[in-house]
Amino acid sequence: MANFQTHITWAAAGSGLLSILCLQVGFVDSRDALNLALVGTIGGILPDVDLQRSHPSKILFSLIGIFVAFMLVFSMDKSMSIAELWLVGLGTFVGIRYVFWQIFYNYTTHRGSIHTLVAALFAMFSTAAICFHWLDKNAFTSWLIGFFLLLGFLLHLVLDEIYSVDFMNYKVKRSFGTALKILDPSKPYKSLILVGTTLFVWFFTPSSVQFWDTLLSVETYRIIAARFLPS
């Protein structure tokens, strides 16, 4: 599998370049462009939240907790007091860093259900729903942020599979096939729960019509082509 530095470097580079593209073609403003880059980077390390080594998994949950806390605080009503905003941010960080981390550390196995394509969809749906209902983002931006998380997540899985092949000796390591899979066949009950939870979360996502119409529109790629190189 690829190491932490490889995952975060590729995820940060890829999401950073794509966020600049989204900013330049007018999909998002500068603040949301930064959010896209950060979310894509987090997506690139998200599949490793189930690491069985406590120290790196604590670092991952600390990063996620900090990001979510800031996103939530910045979306809150400006009439709230400083103390209330501090409590919201601190409570969010503590909940993710300690409560969620304890659950994941005790009840997941590395490259299990979290390391699947269905888990990637769950992450995207959850992010889109949270951005729309809790962070006051419009439907298009919510789906775009979720999509960036999905891309980072998928990049992580692909990199792990690539690093499972020893190209110099033309050998395939035993870990090949454990990173990029639809579901975890060794844990049918957990996989079934994951599918059910993913479908449940999907019902809370905003309308994706504008997002897919924009993403699949020929006009979108004409605009990108026109802005891609100096005139």
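Looking at (1) among the β-branched types (Val, Ile, Thr); (2) at pLDDT 90 or above; (3) assigned by TED's automatic domain parsing to the domain that holds Leu63, which is the only condition Ile145 fails? Tallying (1) among the β-branched types (Val, Ile, Thr); (2) at pLDDT 90 or above; (3) assigned by TED's automatic domain parsing to the domain that holds Leu63, Ile145 fails exactly one: (3).
For (1) assigned by TED's automatic domain parsing to the domain that holds Ala123; (2) part of a helix (DSSP H, G or I); (3) at pLDDT 75 or above, each residue gets a yes or a no:
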{"position": "Leu38", "(1), (2), (3)": "yes, yes, yes"}
{"position": "Leu63", "(1), (2), (3)": "no, yes, yes"}
{"position": "Phe67", "(1), (2), (3)": "no, yes, yes"}
{"position": "Tyr98", "(1), (2), (3)": "no, yes, yes"}
{"position": "Phe104", "(1), (2), (3)": "no, yes, no"}
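Beta carbons closer than 7 Å, at least 6 apart along the sequence or on distinct chains, pair a first residue in region 26-43 that is farther than 14 Å from Cys131 by Cβ with a second that is at pLDDT below 90 for Thr41/Ile8.
The values are calculated or read from the model by the stated rules, or taken from the named source; none is laboratory data. This structure is a prediction, so every number in the text was calculated from the model and none was measured. Cβ coordinates were reconstructed from backbone atoms using ideal geometry, including for glycine residues, and neighbour counts include every protein chain displayed.
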